[in-house]
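Heads up: the structure comes next, in structure tokens.
Since every read-out is calculated from the coordinates, none of them should be taken as a lab result. Because the structure is a prediction, the values reported are computed rather than measured. Cβ coordinates were reconstructed from backbone atoms using ideal geometry, including for glycine residues, and neighbour counts include every protein chain displayed.
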Amino acid sequence: MNPLATLLLTALAPISWGTTYLVTTELLPPGHPLFAGLMRALPAGLLAIAIGRRLPSGGWWVKAAVLGILNIGAFFPLLFLAAERLPGGVAAAVAGAQPLIILGLGALVLHDRIRPLTAAIAAAGAGGVALVVLSPAAGLDTLGIIAALGGVTATAAGMVLTKRWGRPAGVGAVAYAGWQLTAGGLFLLPLTLLWEGVPAEIDGGGLFGYLWLGTVGGLIAYTLWFRGIQELPVIAPGLLALLSPVVATVLGATIAAESFTAIQLIGIAVVLAALVAGQIVTRRTALGRAHTPLERPLLR
């Protein structure tokens, strides 16, 4: 597939995830982040496996479990906990720290060289996040911030390992996403039953919210996301994740009537600029490598 088309399709995933915060606060029963993560992951994962008609084999049972816990099982409940305790734009904007985390993990695990310009762009994205999160009007909650940072760290590790391990030959993107969604859902199932249980009441809005998160934000988004991770440089999806805070902020301001200061809006603008600049630099670097046959890749 054309790299630009891959980039645009991959971008649909964080765009859809930007709706998570509004859906959580406006539609889902409060106080059930584990149940919300379970409902987003397990039904979508089982459906994806049924569509893909492939199960892991050999060492991929362990790899799928590890990736599922990092990308889904740990990330989802932390995401929903942050969404319940923070304004949507603030919760999603913490994802701006993810490119810096990916750069560090990529250097350690993938032996990718950290390029100064890429690092500067990632730092700018994190700086834009700081302008949003550290504003006096941001409605900070310590547990919410910790949950958001923990979530992006878990999924950053999952992204790097997804890049390292790739996808088994002959396994489609839908089945591959299904493995991880199912593994993450099975990880959440006993935790949910032991600590939270099922909400006492789920109305029509809640049902729609779970359906939206499981299909658009789960099955479809993660199929596109995991395929993009494998086909793009690892930092590219990490920068695309910055779309989530932009979408969440716009939805929070226009639908949930959340107020944002001028400093916070500047922060969002910086995040968006870092996103665009990062994709330009990443693509130019990839093209440069393609036209430099004497350059040897780093050992992995």
Percent of all Cα-Cα pairs per 20 Å bin for the chain, counting from 0 up to the last occupied bin, reads 36, 58, 6, 0
The answer for the per residue Cα convex hull volume of region 1-46, in Å³, is 79
On each of the three principal axes the extent of the alpha-carbon atoms of region 9-122, given in whole Å and largest first, is 44, 43, 25
Of 64-70, 51-57, ordering from highest average Cβ density within 10 Å down gives 64-70, 51-57
Restricting to Cα pairs under 8 Å and 6 or more apart, the percent relative contact order of the chain works out to 38
Expected sort for H111, H32 with the fewest Cβ neighbours (10 Å cutoff) up front is H111, H32
